[in-house]
Every structure is written in structure tokens, then in C-alpha cells.
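Student: Please see the structure below; I have some questions.
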Ligand code: HAM
């Protein structure tokens, strides 16, 4: 039997209800914040991710679904959504047009990771990207939007916050960090030795306990921010305080993608096991420029839909729509005709087989219908049907025309 690939799941039945419930809810929140839908291809040139997510990141270094296509192009399935949106933004010349452009998206992402609970090889993200604003109010708005979505889903969280500095303060900090790493180099893991050469700040989120205990003494970027980054970070905290959003400062939060500067944040849940990050994002003011666009400040986030589906508190579903059935064969065509008319405006479940009242009632329950409608030979003759409201249990007989 052919089975799905490891780390790739089907989403159906009850899961699909959660999945679409979340996407509808998050999309309507994003629209309320002034974001517009964008769809970008699943497949992009590999160079796009090398130049954005970064060659030193685990995603590009180890986890890409990369191949040469039939036209000899080096392509890969997108591991995340930001790079494609930035590519589209530049390709459509919105960088040259200037102004503010806000997008939201949802869809599959692919990372060849070791699958475990909450970690898949094909997973789904809901994300937003905002271009054209260097104001820290937009960073705060991103965070408040995630908080808003989580609140509406009934999901509790902890928000972790950091600033990654900019080109004024990051290079100096990087030098001091490299000096520190060299002082403990004999004791750190092989991955960290590699990170020291490629992207030193990534050592700070190494999962190795020995490394972590050594890095407690490492210089902290938060203490080395330039005045611009410091005042933005202070303002961000002030806006969040003002709006009742609680946060923790995590000086080791560096994020797994190389394009961030200044604000970086992650929302984590304590209720889903070790893969606890449910959303992450931050500012990426240099990325448009790195991908050959006109320099444009930008900020965004993405949420992991599978992880959220574990946590969503679904609203109670009320019975809705109609179930219609025939009690004898001669009424079936009429049932189909009436159902077809009603489907112009309502959800209608039809049973094509003639059955007893009781057996049809079982079907109506299973379909979650609010109204149970049935036609037998007597009703057919008089042009009527029996309609039972399954919520308040009232029963009436109506003419076909009233249906
Ligand atoms: P990310 O932190 O790599 O950021 O992913 C965002 C979220 O996707 C994570 O918090 C997690 O919930 C989910 N996720 C990541 N990997 C997996 C996996 N293997 N299985 C299941 N869920 C996963 C980004 O992708 C950035 N593009 C976010 C962003 C947008 N930054 C700015 N704009």
C-alpha cells in the first residue's frame, strides 16, 4: 500500500474543520488590520532562500527540498513564506512605487527536519508581511495582531522579545561575541564552532546544555544596542505595556533565519511539548535590498497552523442547514429538485434512498442539520413536506413553494 511520506500529513474531517476555522479567523483579523491576501508559488529558485534565509541557517544548510528540474533550474520547495513575498514585492516594482504595502498568506511550507510531535516536513503557516514602515508602532501592531488571533482562538501564550540591533551596533557586538566564543572554543560543540565562522550570534540559541551553560557569561546584545535601536526597543516595550500585552525579554532569542534586525519575537505555548513555538517574526529592514530591491523597511510574522490546531478551543457548533429525504421511491425526484433549489442559499444534505422517518432522522443527526424535511406519498400528492426543527423540536407541514 502506498502511504504518505514521513512528516507529511493529510488534513481531513475534524482536523479540517479546525484548520479552516483558524484560517478564516486569522484572515479576517488580518483584513481588519488592513492586510491583503497574497499567494506566491510553492516552488522558487534555490538562490532566493540562500540569499534571504541565509546559507548559515539550518533551514538552508540542511533542510531544503532542493532539486534540479527538467529545465536544469536549481529550485526548491519553499521552507517559509517571507522570501517569496519579498521577491513578489520587488518583481511587481512595489519597492519603486513606495508607500505602505501589507500582505497576508497561508499555505504549505517544507523543511526536511527530523519529524516529531509538532515538527513536520510539510506544515502550514499563516503569515503577514508589512513593507514601507520603519515605525516601531508597526512592530507592536504585528505583535498585537498575533495576540489578538491567539486570544480569539482561546490560546494562552508566553511572548519572548529581543532586539537584534542594526548595522550600527550589530558588527561591534559580533566582534565582542566572537572574542568571547574564542575564549571558550575548546569546550563548545562542533555546530557552534561552525556557527562562529558563519553567523556567530546563532551560537546563542544552541540547544546543547554545555554550550548554554558557557554562554551565560557571553556579552549580551541588549546591553550593546546603539541609541536608535535602544530607543525603538524601549518604545516597543512601552506600547506593549500600554496595550496590556505581557512579554519576557529573552536575550538569547536570535531566530533561525538570518534576515532579521532590531525587533525579534516568538510566541510559545507551554501546552504542546518541546516544539513550543507557535508564532515567530520580527523586523527585516535589509532584506528587500539584499534581494536587489530599493531599500524598504519591513516587518512580519508567521504562525504554525498544525501547532495551533492542538490548542484551539473550537466554538460550539450549532445545528445548521437542512436534511431532506424521501419515504418512498416515487418522492425521490421531488426531493432532489427541492434540494437543488434550496442549495442556492443554504447547506442541504440529501439522502438518495427511500427510507423510514426514523432512519432518515438518524441521517439528519449525523449531518448536524437544523431542519429535518421529509416527503412521503401522501405529502407528494398534496404538494407538501413535513419539516421538523431539530433544535426546538417543533414540527410543521409546509407547501413545496414555502420551502
Ligand atoms: P519560523 O519561526 O521559522 O519563522 O516559523 C514560524 C512558525 O512556523 C513557527 O513558530 C512554528 O509554529 C511553525 N513551524 C516552523 N517549522 C515547523 C515544522 N517543521 N513543523 C511544524 N511547524 C513549524 C518563519 O518562517 C518566518 N518566515 C516568519 C516571519 C514572517 N518573519 C517575518 N515575517
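The values are calculated or read from the model by the stated rules, or taken from the named source; none is laboratory data. Remember, predicted model here, so these are calculated numbers, not experimental data. Cβ placement follows ideal geometry from the backbone for every residue including glycine, while neighbour counts extend to all protein chains displayed.
Student: Within the group 290, 267, 301, which residue is within 16 Å of the ligand (Cβ to nearest atom), surrounded by fewer than 19 Cβ atoms within 10 Å (Cβ to Cβ) and under 30 Å from residue 89 (Cα atoms)?
Tutor: That would be 290, the only listed residue that is within 16 Å of the ligand (Cβ to nearest atom), surrounded by fewer than 19 Cβ atoms within 10 Å (Cβ to Cβ) and under 30 Å from residue 89 (Cα atoms).
Student: Scan region 276-285 and tell me whether some residue there is surrounded by fewer than 16 Cβ atoms within 10 Å (Cβ to Cβ) and in contact (Cβ under 8 Å) with a residue 12 or more places away in the chain.
Tutor: no
Student: What are the pairs, 6+ residues apart or on separate chains, where a residue within region 1-26 that is assigned by TED's automatic domain parsing to the domain that holds residue 302 and at negative phi has its Cβ under 8 Å from a residue that is outside any loop (DSSP other than H, G, I, E, B) and away from the ligand (no atom under 15 Å from the Cβ)?
Tutor: Close Cβ pairs (under 8 Å, with a partner that is outside any loop (DSSP other than H, G, I, E, B) and away from the ligand (no atom under 15 Å from the Cβ)) amount to 25/152.
Student: Another question, if that's okay. For residue 369, indicate whether it is at pLDDT 95 or above and more than 30 Å from residue 155 (Cα to Cα).
Tutor: Spelling it out, it is not the case that residue 369 is at pLDDT 95 or above and more than 30 Å from residue 155 (Cα to Cα).
Student: Separate question: Which of the residues that make up region 79-93 are within 16 Å of the ligand (Cβ to nearest atom) and either surrounded by fewer than 19 Cβ atoms within 10 Å (Cβ to Cβ) or more than 19 Å from the chain's Cα centre (by Cα) (or both)?
Tutor: 87, 88, 89, 90
Student: Exactly one condition in (1) more than 9 Å from the ligand (Cβ to nearest atom); (2) surrounded by fewer than 21 Cβ atoms within 10 Å (Cβ to Cβ) is not met by residue 115; state its number.
Tutor: All conditions pass for residue 115, except number (1).
Student: Return the residues of region 43-78 that are touching a residue at least 40 places away in the same chain (Cβ under 8 Å) and loosely packed, with under 14 Cβ neighbours inside 10 Å; say none if nothing qualifies.
Tutor: Answer for region 43-78, where residues must be touching a residue at least 40 places away in the same chain (Cβ under 8 Å) and loosely packed, with under 14 Cβ neighbours inside 10 Å: 55, 62.
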